[in-house]
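The next block holds one structure in the form of structure tokens; read it before the comments.
The values are calculated or read from the model by the stated rules, or taken from the named source; none is laboratory data. What you see is a predicted model, and the numbers here were worked out from it, not measured in a lab. Positions of Cβ are generated from backbone atoms using ideal geometry, with glycine treated the same way; all protein chains shown enter the neighbour counts. To get the accessible areas, we keep the full protein, side chains included, count just its heavy atoms, and leave off ligands, DNA and RNA. Shrake-Rupley method; radii C 1.70, N 1.55, O 1.52, S 1.80 Å.
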Amino acid sequence: MKTHYQGIQRWTGGGVPYLFVSRSAMTEDDYGNVLIVRMGSRERDGERMRSNRLRLDTDTTYTPGEGEDEVVGEIRFDYKHPGGMQICGDILAVPLEEPIGDDLPTGRIEFYNIADPENPQLLNGSINASHNFGVVGMVKLPDGHFLVVATWGGNSQLNFFRSNGTDFN
């Protein structure tokens, strides 16, 4: 079992910065998830988050985090491995692979409205494939549509998708 943190995205839409951190399943019976971390100790101007506040000459294990920085939620998947994510405005795109169960596609990209980051909402519509998705990127085009690119095949293959409409919600 490969256990690791895969991707991290920062959202600052409401002033307080949040981190979205994807994590693979830690055991055979576990599910992959995205942890939602409120960075309450950090500036609210959307700029740099500054120091990681490590103590000089002290191992990171013995450097406690700030009390206002905490995991406040999670998005749990029926997949073992969420990959490298992307935030575009208030939309979080999460690539998924290694489904739990035979009734799911091998690869999927799910989209979440994170305007309220502590209560992400799964949006209608996903991208499903018969192969894994490792990393996803997304951008809003000048005409209002969205362009999504996703990697697979050890990140040697790219798929591009253009939305049919201009509103994910």
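Find the residue count for segment 98-115, including only residues that are within 15 Å of the chain's Cα centre (by Cα) and either touching a residue at least 40 places away in the same chain (Cβ under 8 Å) or over 18 Å from Tyr79 (Cα atoms) (or both).
5
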Of the criteria (1) under 17 Å from the mean Cα position of the chain (by Cα); (2) part of a loop (DSSP other than H, G, I, E, B), which one Asn155 fails: (1)
Failed condition for Thr151, given (1) of a type in the set (S, T, N, Q); (2) modelled with pLDDT under 95; (3) open to solvent by 30 Å² or more (accessible area, probe 1.4 Å): (3)
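Can you tell me which residue in segment 1-25 is nearest to Gly83 (Cα to Cα), limited to those that are part of a strand (DSSP E or B) and charged (D, E, K, R)?
Step by step, filter segment 1-25, then rank; the result is Arg23.
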Return the residue satisfying two criteria in turn: it lies in segment 65-104 and is touching a Ser or Thr at 6+ places or on another chain (Cβ under 7 Å), open to solvent by less than 60 Å² (accessible area, probe 1.4 Å) and in a loop (DSSP other than H, G, I, E, B), and of such residues it is modelled with the highest pLDDT. Met85
Among the residues of segment 130-148 satisfying the criterion of being of a type in the set (Val, Ile, Thr) and open to solvent by less than 20 Å² (accessible area, probe 1.4 Å), which is nearest to the chain's Cα centre (by Cα)? Val136
Conditions: (1) within 25 Å of Asp103 (Cα to Cα); (2) part of a loop (DSSP other than H, G, I, E, B). Val149 meets all but one. Number of the miss? (2)
Test Arg42 against the stated conditions and say whether it is more than 21 Å from Asn124 (Cβ to Cβ), modelled with pLDDT under 90, open to solvent by less than 50 Å² (accessible area, probe 1.4 Å) and among the charged types (D, E, K, R). yes
Say whether the condition of being open to solvent by 50 Å² or more (accessible area, probe 1.4 Å), farther than 20 Å from Ala25 by Cβ and assigned to a strand (DSSP E or B) is met by at least one residue in segment 110-126. yes
For Tyr31, are the conditions met, namely being at pLDDT 80 or above, surrounded by fewer than 12 Cβ atoms within 10 Å (Cβ to Cβ) and over 17 Å from Asn119 (Cβ atoms)? no
When you scan segment 77-92, do you find a residue that is within 15 Å of Asn33 (Cα to Cα), of a type in the set (A, V, I, L, M) and out of contact with any Gly (no Cβ under 6 Å at 6 or more places or on another chain), even just one? yes
Looking only at segment 8-18, how many residues end up being modelled with pLDDT of 90 or more and touching an Asp or Glu at 6+ places or on another chain (Cβ under 9 Å)? 3
